[in-house]
Amino acid sequence: MTTADFLAACFWPLVILFAVLLNTVRDPVLLRWIGAITGPLIALCVILWVAYGPGSLVGVVNFYLFLFILGLWLIWFGLREWYFFRSIPKTTLRACAAVLGGAALAVLMGTILIQDFFQSPIVLEGRVQNLRTRGRHNSEYVADIAGRTVKVTTPVYDRLKFLPVVRVEVGRGSNYVYTIEYLAN
């Protein structure tokens, strides 16, 4: 297990723990301490995502799931704002923007997650070609397999540097390689 895998596996239990603590604790001093710990933890998670983001498939899935939940939260926030403060024009505009932005985010990320986990994967067989990085600061690893460009995580990128013949299963939504099997050259 790499550091990126460990951090990705710890993310949701920590989110759930702090969400439960923030919603159940009533003591103002303890609540202030929990809030003081939560802020730096969120900042640390963002920094570690930038550093280790493409290093773990669990981290990539966590990112899509986080954005999906953020979209649902924006919808809830917008509807709540509109319901309670609809007589204030600026608040109504902010509520509409939150609902529309949240709906777009939830639909986009939900579609990616549904295609990755509830539809059959794309199976490709062939030699790895044109292994490269792309994106801002070379943050995304990609490879051409059987004439199709797919995204790979850092450990898979390191294993594909020898340009082997492989059989891979690729998620339909995210276009990430989920399983890899080496074939005889």
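The structure-derived value of volume of the Cα convex hull per residue in Å³ appears in the list [x] 107; [y] 180; [z] 152 under the label [z].
Approximating the spin labels as points 7 Å out from Cα along Cα→Cβ, the ILE42-to-LEU22 distance works out to 0.5 nm. Using the Cβ-Cβ distance between LEU31 and LEU108 with R0 = 30 Å, the FRET efficiency computed as 1/(1 + (r/R0)^6) comes to roughly 0.30.
Electrostatic tally near ASP144: other residues with Cβ closer than 11 Å to its Cβ, Lys and Arg +1, Asp and Glu -1, net +3. By the scheme Lys and Arg +1, Asp and Glu -1, what is the net charge of all other residues having a beta-carbon under 10 Å from that of VAL170? My count for the surroundings of VAL170 gives +1.
What you get for the stretch 34-141, charging only the Cβ of Lys and Arg (+1) and of Asp and Glu (-1), is a dipole of about 340 debye around the Cα centre. What a 1.4 Å probe finds exposed on the chain is 68% carbon and sulfur by accessible area, rounded to a whole percent.
The separation of the stretch 153-185 from the stretch 38-105, counted between C-alpha centres, amounts to 31 Å.
Summed over the residues of the stretch 111-185 and divided among them, the accessible surface reaches 57 Å² per residue at a probe radius of 1.4 Å.
The values are calculated or read from the model by the stated rules, or taken from the named source; none is laboratory data. Note that the structure is predicted; figures quoted are calculated from it, not measured. Don't worry about glycine lacking a Cβ; one is built from the backbone with ideal geometry, like all the others, and counts go over all protein chains shown. Calculation scope for accessible area: heavy atoms of the full protein, side chains included, ligands and nucleic acids excluded. Shrake-Rupley method; radii C 1.70, N 1.55, O 1.52, S 1.80 Å.
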